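The values are calculated or read from the model by the stated rules, or taken from the named source; none is laboratory data. Since the model is a prediction, treat every value here as computed from it, not as a measurement. With ideal geometry, Cβ positions are generated from the backbone for all residues, glycine too; neighbour counts draw on all protein chains shown. The accessibility values were calculated without ligands, DNA or RNA, using every heavy atom of the protein model including side chains. Shrake-Rupley method; radii C 1.70, N 1.55, O 1.52, S 1.80 Å.
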Amino acid sequence: MAAGIVRGGLAGCGQQVARLLRRRFHRSAPAALQVTVRDALNQGMDEELERDERVFLLGEEVAQYDGAYKVSRGLWKKYGDKRIIDTPISEMGFAGIAVGAAMAGLRPICEFMTFNFSMQAIDQVINSAAKTYYMSGGLQPVPIVFRGPNGASAGVAAQHSQCFAAWYGHCPGLKVVSPWSSEDAKGLIKSAIRDDNPVVVLENELMYGVPFEFPDEAQSKDFLIPIGKAKIERQGTHVTLVSHSRPVGHCMEAAAILSKEGVECEVINMRTIRPMDTQTIEASVMKTNHLITVEGGWPQFGVGAEICSSIMEGPAFNFLDAPAARVTGADVPMPYAKLLEENCVPQGAEERPSSPRRPRGEPRREAAGAP
Amino acid sequence: MRKMLAVVSRVLTAVSQKPTGRVLLATRNFANDASFDIKKCDIHRLEEGPPTTTILTREEGLKYYKIMQTVRRMELKADQLYKQKIIRGFCHLYDGQEACCVGLEAGINPSDHVITAYRAHGFTYTRGLTVREILAELTGRRGGCAKGKGGSMHMYAKNFYGGNGIVGAQVPLGAGIALACKYNGKDEICLTLYGDGAANQGQIFETYNMAALWKLPCIFICENNRYGMGTSVERAAASTDYYKRGDYIPGIRVDGMDVLCVREATKFAAAYCRSGKGPMVMELQTYRYHGHSMSDPGVSYRTREEIQEVRSKSDPIMLLKDRMVNNNLASIEELKEIDVEVRKEIEDAAQFATADPEPPLEELGYHIYSREPPFEVRGANQWIKYKSIS
């Protein structure tokens with residue numbers, strides 16, 4: 001058996017393999033377990049469904065279709081109609097039903113096929129879910145998870161490519177998380193489900209099939225990632241790159257390239273949009289003196305704008321050697337043609353081999369302060 | 001004899017001590033109960049509707065009377081406090097519709113669930129909160145049921161989910177509560193209320209579909225008071241048969257000014273839902289004396305004559321009182337005594353609601369998240385921080 005790239009498979013299979021791997025190879029260096037983001041989400045939901053019978057999943061195609069993007073594969077077979085519910089195409093209706101069920105004590109996971117469709121239901125997310133605990137003076141909690149793919153995909157054009165991190169991140173009463181890796185996905189979805197508050201989980205369709213190394217602790221049924229804590233994916237000294245979701249990967253690629261040129265980037269994976277881990281970002285900027293934010297969403301009033309603002313207001317401002325810069329999606333509705341679409345999102349280095357020195361979206365050497 | 005009794009009663013109420021009055025009344029013999037004919041309900045997709053006669057016991061009658069009177073006087077007190085600017089913002093009053101909230105509560109159990117829109121003070125009371133807590137919430141004080149954080153439209157109690165400000169949004173919520181009832185298998189139902197205006201919201205039809213598909217134990221109740229804000233039903237709806245708007249969902253149309261009619265219809269619908277057959281739609285034909293809210297005098301889109309006609313012919317409290325007195329279930333004096341008690345309760349509550357202090361500024365950031373360790377919330381600028389605890 002190879003170092004085991006576990007692709008697809010039923011939920012739970014990955015865990016069995018993990019156990020098997022550990023047993024077999026405990027004498028030599030343990031083989032790294034590879035799990036895709038999709039399987040990590042699946043595992044996370046499966047474990048929480050098993051752990052607490054108040055948890056259930058509803059949304060379009062989540063049951064018999066195994067999920068529009070196969071994230072809920074196998075769950076309906078395992079848990080049946082009561083716990084995994086296919087809904088009609090009625091976002092406002094079923095989101096409201098999910099919120100009502102949460103108010104009455106259940107713990108629903110409400111899937112939006114993509115977050116673009118959540119706009120039809122956004123009143124239920126904000127006015128019925130997010131604000132209720134506050135308006136009721138602490139009487140009525142709403143333990144609900146809204147999840148689904150967010151942001152740009154590939155060739156799906158304007159109505160299906162919007163990033164909602166800034167919109168949801170704007171609202172008090174909500175928690176908003178944005179996983180990048182498989183470990184992120186599993187730990188955050190489990191924390192979201194166990195949280196007694198409305199949590200928006202912004203996944204990414206292009207990341208679903210990407211495998212990541214799954215550390216040992218992530219294989220535990222109680223593996224949780226705290227909401228509100230960022231992770232430093234890569235230590236560095238010259239410039240801080242702050243990102244969330246898929247662009248974290250682009251930052252890592254850019255960091256690898258810049259490293260060869262003597263620029264060491266510190267890459268911060270936000271993991272949570274709200275409440276934002278400003279402290280981790282500040283500490284990093286105070287060390288590197290340079291800040292670049294990287295996101296897929298539109299620039300105006302976005303996540304990067306908020307980060308820059310927060311840094312200005314805090315102790316890290318005095319440590320900046322240059323103004324903070326933002327790398328974002330282009331300020332246009334997403335076009336369809338490949339060339340145009342590519343230029344509307346931050347790019348990883350290898351995707352632009354024609355300009356290895358300055359790949360699209362990569363921090364400029366001047367901004368990085370390198371000699 | 002009657003005149004003498006009236007005189008004595010007047011003197012006694014002026015002195016406002018009860019013992020002597022009680023002795024007088026105790027010598028009278030009341031009937032234990034009486035049978036009443038109630039209006040037949042129009043039905044949709046049903047073989048038969050609720051019964052057309054019902055029995056009201058003396059005890060029930062006195063209870064319903066007192067509760068309706070309490071809601072009435074509470075709403076009128078809110079009107080007064082609003083005009084004195086002690087209540088501010090939104091205030092949507094329920095006077096005229098008392099038979100609805102009281103009749104509905106009489107037809108269900110405390111373990112059932114209720115959710116309504118913003119004209120919610122009546123239900124907040126019938127679901128168990130005190131007038132004190134309600135008025136103090138309206139005046140925005142710390143003794144309010146939501147600690148002053150919610151106001152008129154956001155009052156919650158056990159098995160009562162508000163008070164909801166977004167028209168129609170409470171309907172899917174109610175179906176979700178019904179889903180939880182079915183999920184938990186405890187034989188509970190959810191009453192999900194909305195108005196004639198809200199009845200045209202698309203999300204209600206989405207909800208009808210899912211509730212019928214999944215056989216959720218939900219009674220969809222349209223409180224048709226003939227006007228959605230300033231728009232009459234004829235100007236808002238292509239079909240004003242709100243009890244039929246659920247299409248494939250059976251429906252009944254009920255006289256919402258008669259507390260007994262509402263009670264029987266509710267029992268009927270509740271039994272239907274509890275049997276697992278799925279949802280039902282119930283239209284309550286009712287009327288509000290006040291305008292849409294305190295900022296609406298309520299006479300630009302309807303006539304004073306119309307309001308007066310309903311008051312004199314169909315007032316729910318008057319209807320119950322007449323029934324009870326004419327059938328020897330209670331005396332006028334006894335009911336007047338109840339009025340006095342109610343007035344006192346309302347007065348005390350209003351005193352409290354006016355004198356209680358506002359919530360402390362330090363608590364501005366409280367109750368953002370449930371069961372969360374304390375954290376900081378930003379105020380109006382970066383240097384103002386509030387502590388947030390759950």
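With a bin width of 5 angstrom, please list the P(r) values of region A:246-340 as percents of all Cα-Cα pairs, from the 0 bin to the one holding the largest distance.
Over region A:246-340, the share of Cα pairs per 5 Å bin runs 2, 12, 21, 24, 20, 12, 6, 3, 1 percent.
If I model a spin label as a point 7 Å beyond the Cα along the Cα-Cβ vector, how far apart are those points for B:ASP187 and B:ARG304 in nm?
Distance between label points: 5.4 nm.
For A:LYS221, list the aspartates and glutamates whose Cα falls under 15 Å from its own Cα; do not include residues on the same chain fewer than 8 positions away.
Cross-link targets: A:ASP39, A:ASP46, A:GLU47, A:GLU48, A:GLU50, A:ASP52, A:GLU183, A:ASP184.
For the residue pair A:GLU313 and A:ALA256, what label-to-label distance in nm results when each label sits 7 Å from Cα along the Cα-to-beta-carbon direction?
Between A:GLU313 and A:ALA256, the simple spin-label model gives 3.7 nm.
Applying the Karplus parametrisation 6.51 cos²θ - 1.76 cosθ + 1.60 with θ = phi - 60° to the phi angles of region B:263-268, what ³J(HN,Hα) value in whole Hz is obtained for each residue in order, glycine and proline being reported as x?
Each residue's phi maps through the Karplus curve to give 4, 5, 4, 5, 4, 4 Hz.
Any idea what angle helix A:91-103 forms with the longest principal axis of chain A, computed on alpha-carbon atoms, 0 to 90 degrees, nearest 10?
Compared with the principal axis, the helix lies near 70 degrees.
Per DSSP helix of 4 or more residues, -39500 (n - 2.57); summed, then divided by the residues of chain A. What does that give at 222 nm, rounded to the nearest 500?
My calculation for chain A gives -8500 deg cm²/dmol from helical runs alone.
I'd like the FRET efficiency for B:GLN80 and A:MET119, computed as 1/(1 + (r/R0)^6) with the beta carbon distance as r and R0 of 45 Å, rounded to 0.05.
0.55
Could you give the length gained by full extension between B:LYS215 and B:GLU376, i.e. 0.36 nm per residue of separation minus their alpha carbon distance, to one decimal place?
Result for the pair: 53.5 nm of gain on full extension.
Using a probe radius of 1.4 Å on heavy atoms only, what accessible surface per residue do you get for region A:34-219? Whole Å² is fine.
29
Going from most exposed to least, what order do B:MET229, B:MET324 have by accessible area with a 1.4 Å probe?
B:MET229, B:MET324
Bin all alpha-carbon pair distances of region A:26-110 at 10 Å intervals from 0 and give each bin's fraction as a whole percent.
Reading the bins upward from 0: 17, 44, 25, 8, 5, 1.
When DSSP beta bridges are limited to those with both residues in chain A, what percentage is antiparallel, rounded to the nearest 5?
Here the share of antiparallel DSSP bridges comes out near 20 percent.
Using a 1.4 angstrom probe with every protein chain in place, what is the largest-first accessible-area order of B:ARG28, A:ARG107?
Result of the area sort, largest leading: B:ARG28, A:ARG107.
To the nearest 10 degrees, how steeply does helix A:13-24 sit against the main Cα axis of chain A, on a 0 to 90 scale?
For A:13-24 against chain A, the angle is about 70 degrees.
Please state the relative contact order of region A:87-236 as a whole percent: Cα pairs under 8 Å, 6+ residues apart?
23
Among A:PHE214, A:PHE319, what's the order by accessible area (1.4 angstrom probe), most exposed first?
From most exposed to least exposed: A:PHE319, A:PHE214.
Can you list residues from other chains, or at least 5 along the same chain, whose modelled amide H is less than 5 Å from the amide H of A:VAL242?
A:ILE268, A:ILE292, A:THR293, A:VAL294
Averaged across A:125-135, how many Cβ atoms of other chains sit within 10 Å of each residue's Cβ atom?
Neighbouring Cβ atoms belonging to other protein chains average 6 per residue here.
Just to confirm, what accessible area per residue do you get for region B:173-313 at 1.4 Å probe, in whole Å²?
So region B:173-313 comes to 35 Å² accessible per residue, rounded to a whole number.
Determine the relative contact order of chain B: mean sequence separation of Cα pairs under 8 Å and six or more apart, normalised by residue count, in whole percent.
21
Fully extended, how many nm does the chain gain between B:GLN351 and B:ARG311 (0.36 nm per residue separation, minus their Cα-Cα distance)?
The B:GLN351-B:ARG311 span can extend by a further 11.5 nm.
Ordered by packing density, taken as the mean number of other Cβ atoms within 10 Å over each peptide's residues, highest first, how do A:294-302, A:39-47 rank?
A:39-47, A:294-302
Round to a whole angstrom and tell me the spacing of the C-alpha centers of region B:69-97 and region A:173-235.
49
Across the residues of B:198-205, average count of Cβ atoms on other protein chains within 10 Å?
3
Roughly speaking, to the nearest percent, how much of region B:38-378's 1.4 Å accessible area is carbon and sulfur?
After summing per-atom areas, the C and S share lands at 49 percent.
Determine ³J(HN,Hα), in whole Hz, for all residues of region A:74-81 in sequence, where each value follows from phi through the Karplus function 6.51 cos²θ - 1.76 cosθ + 1.60 and θ = phi - 60°; x replaces Gly and Pro.
x, 6, 5, 4, 7, 10, x, 5
For chain A, find the longest principal axis of its Cα atoms and tell me its angle to the long axis of helix A:37-51, 0 to 90°, nearest 10.
40
Largest first and in whole Å, what are the equivalent-ellipsoid semi-axes of region B:191-248 based on the Cα gyration tensor, each being the root of 5 times an eigenvalue?
That gives 21, 11, 9 Å for the three semi-axes.
Name the residue, out of B:PRO360, B:PRO110, B:PRO316, whose mean-square fluctuation peaks in a Gaussian network model built on chain B with Cα pairs under 10 Å.
In this elastic network of chain B, the residue with the biggest mean-square fluctuation among B:PRO360, B:PRO110, B:PRO316 is B:PRO360.
Compute for chains A and B the buried accessible surface, both sides summed, probe 1.4 Å, and express it in Å² to the nearest 100.
3500
Rounded to whole Å, give me the distance from the Cα center of region A:294-342 to that of region B:233-303.
52
Would you look at the GNM of chain A, springs on alpha carbons closer than 10 Å, and say which of A:SER245, A:SER136, A:SER161 moves the most?
A:SER136
Which of rounded, prolate or oblate describes region A:34-219 when judged by the alpha-carbon gyration tensor and an a/c cut-off of 1.5?
The shape class here is rounded.
In a GNM of chain B with a 10 Å cut-off on Cα contacts, which of B:ARG378, B:ARG311, B:ARG274 has the highest mean-square fluctuation?
B:ARG378
Leaving ligands, DNA and RNA out of it, work out the accessible area of A:THR280 with a 1.4 Å probe and give it in Å² to the nearest 10.
Surface accessible to solvent at A:THR280 totals approximately 20 Å².
Please find the FRET efficiency linking B:ILE389 to B:GLU358, where r is the Cβ-Cβ separation and R0 is fixed at 25 Å, and quote it to the nearest 0.05.
Once rounded, the FRET efficiency stands at 0.85.
Just need the relative contact order of chain A here, percent rounded to a whole number, with Cα pairs under 8 Å and 6+ apart.
14
So what's region B:38-378 giving for Cα Rg divided by 2.2 N^0.38 Å, two decimals?
Against the empirical 2.2 N^0.38 Å value, I get 0.98 for region B:38-378.
Under 23 Å Cα-Cα from B:LYS277, which lysines qualify once same-chain neighbours fewer than 8 residues away are excluded?
Within reach: A:LYS82, B:LYS40, B:LYS182, B:LYS186, B:LYS215, B:LYS244, B:LYS267.
Suppose we look only past 53 Å in the calculated P(r) of the protein assembly as shown. What percent of the Cα-Cα pairs does that tail hold?
Taking all Cα-Cα pairs of the protein assembly as shown, the fraction more than 53 Å apart is 23 percent.
Label-point separation (nm) for B:ARG142 and B:ARG45, each offset 7 Å from Cα along Cα-to-Cβ?
5.2
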